[in-house]
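Chemist: Structure incoming, see below.
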Amino acid sequence: MSVKKGIKRVYFLSLCGNISSCAAGTFLLPQGVSHLAQIANRDTPCGKRNVPARRGDIKVLELQDICYETEDGKLILDHINATIEDHFVVITGPNGSGKSTLAKVIAGINKPSQGRILLNGEDITDWSITDRANRGISYAFQQPVRFKGLTIKDLMSLAAGKDATVSELCDLLSEVGLCAKDYINRDLDGSLSGGELKRIEIAMAFARNSDLTLFDEPEAGIDLWSFQKLIHVFEKMVAVSDGNILIISHQERILDIADKVLYLKDGKVEMYDTKDKVLPKIMGMPSSTCSVLTEKMKED
């Protein structure tokens, strides 16, 4: 499998769950796309949106002595210890501090060199991406993946785990400010802007009703106008979602709606507390200590 197909498969598993019943491993090939399109396009009775059954609320995600070292010996994560049990947590810190790596370790994309990850007391360190997706852990990349040959209706139906009706798609897409009739038959290709793709990705998270959703710098690569809309979408997601949300971000407006903020520096947890306690300390740091974060937060 090529790197590009591998990335798409990881993305698909994380936001859509197990695809073994939908030609797993072949969905990127023409016959796979055709098969999925047939599944997504079957007629179903219209009705009220049917949210997938919860797999049990995440109460505690424990990171115990997590280290991650590259093949050339560079230590990216340096003995991370944190208990994440709040509804909305933001991981922040300067570039190169290990934020994205930590999110990928939680999602199962990267395996830690040392330490354990516990979910409600159960050790999931060695679980595959598929196992974690089925358990209700979703991961969204910085740059959403485009699927040639699939429509938005196809992908949303797969995320929902059922053949979504137009009424149901309207319900889901309206949550992120999109009109279903303008989008459901559009292809997931270059005609969609970065902001549109981000919102579709979040709508997929709504459809999955994930226990834990991780977003890696969702503001990356979108314009200011789209960012303003994105903030409103996250505010609504925080208000209505019954799952836990973990976001990697530099943006103060995203940090400001967090229950807690985890601040990483040089692969270590420097601070982990409520935003009221962490943000003043971050903003008061000398520019030489955290110039990237300080400048990015001033952009708002």
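Every number here is computed from the coordinates shown, using simple stated rules; none is lab data. In this text, all values refer to a predicted model and were calculated from it rather than measured experimentally. When we count neighbours, we look across all protein chains shown, and the Cβ atoms used for this are built from the backbone with ideal geometry, even at glycine.
Chemist: Quick one: 3J(HN,Hα) in Hz for segment 67-82, Karplus 6.51/-1.76/1.60 with θ = phi - 60°, rounded, Gly and Pro as x.
Modeler: Couplings: 10, 9, 10, 6, 4, 8, x, 7, 8, 8, 10, 10, 6, 7, 10, 7 Hz.
Chemist: Quick one: order SER157, SER113 by neighbouring beta-carbon count within 10 Å, fewest to most.
Modeler: SER113, SER157
Chemist: Packing-wise, with mean Cβ within 10 Å as the measure, how do 203-214, 61-72, 239-250, 90-101 rank, highest first?
Modeler: 203-214, 90-101, 239-250, 61-72
Chemist: A further question on this structure: Amide H neighbours of TYR139 under 5 Å, at least 5 residues apart or on other chains, H built in the peptide plane: list them.
Modeler: Answer set, sorted by chain and number: LEU15, LEU214.
Chemist: Could you please state, rounded to a whole Å, how far the C-alpha centre of segment 174-200 is from the C-alpha centre of segment 94-160?
Modeler: 22
Chemist: Further, regarding this structure: Give the shape of segment 194-270 as rounded, prolate or oblate, defined through the alpha-carbon gyration tensor: a ≥ b ≥ c are the square roots of its eigenvalues, a/c under 1.5 means rounded, and otherwise the shape is prolate if a/b is larger than b/c and oblate if not.
Modeler: Taking the square roots of the gyration eigenvalues as a ≥ b ≥ c, segment 194-270 is oblate.
Chemist: Once you list every other residue whose beta carbon is under 10 Å from the beta carbon of ILE80, what net charge do they have if Lys and Arg are +1 and Asp and Glu are -1?
Modeler: -1
Chemist: Here is a further query. So what are segment 60-101's ellipsoid semi-axes, whole angstrom, largest first, if each one is the square root of 5 times an eigenvalue of the alpha-carbon gyration tensor?
Modeler: 21, 13, 6
Chemist: Need the C-alpha centroid separation for segment 225-255 versus segment 260-274, integer Å.
Modeler: 19
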